[in-house]
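**Q** If you scroll down you'll find the structure; I have some questions about it.
All of the numbers you see were taken from the coordinates with simple rules; none came from a lab. Just so you know, these numbers come straight off a predicted model, no measurement behind them.
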Amino acid sequence: MWVHEQPAQPPLKAVVDRIVDGRTAVLLVGDDEREMPVPVETLPEGIREGSWLRFDPQDGSFQLDEEETARRRAAVQDKLARLRQRGRRLAGGSGKPTTEDADQ
């Protein structure tokens, strides 16, 4: 009997969008960011909101993607720094408080 095997699917990227009640993580999976609720205990240790994962649809496993997580966090920090700088320029020393002043 001939069995046709499905080609292996590449792992999908997923991000931890939020953790609900400390027990369920809501992931955004793939390019279309489908919501996927999963029990936190099925995920790699140390995950938190904003952690990036590789999801293997073949076996349902998750691996923490430390490189992607670091890259995305650095991009967010860079964008925040540029926005703060822009806010300072727009305030132009007018003595008006900026949003950064409120953070301090």
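**Q** Output ³J(HN,Hα) for segment 28-39: one whole-Hz value per residue in order, computed from phi by the Karplus curve 6.51 cos²θ - 1.76 cosθ + 1.60 with θ = phi - 60°, and x for Gly and Pro.
**A** So the J values, rounded to whole Hz, are 9, 10, x, 5, 8, 6, 5, 6, 9, x, 9, x.
**Q** Which far-off residues, 5 or more places away or on another chain, put their amide H under 5 Å from the one on S51, with H placed in the peptide plane?
**A** Those qualifying (amide H under 5 Å, at least 5 residues apart or on another chain) are V16.
**Q** Taking amide H positions as placed 1.01 Å from N in the peptide plane, with prolines and chain starts having none, which residues 5 or more places from L27, or on another chain, fall under 5 Å of its amide H?
**A** Excluding prolines and chain starts, which carry no amide H, the hits are D17, M36, V38.
**Q** Hey, another quick one. How high is the relative contact order of segment 12-92? Use alpha-carbon pairs under 8 Å, at least six apart in sequence, and give a whole percent.
**A** Relative contact order of segment 12-92: 24 percent.
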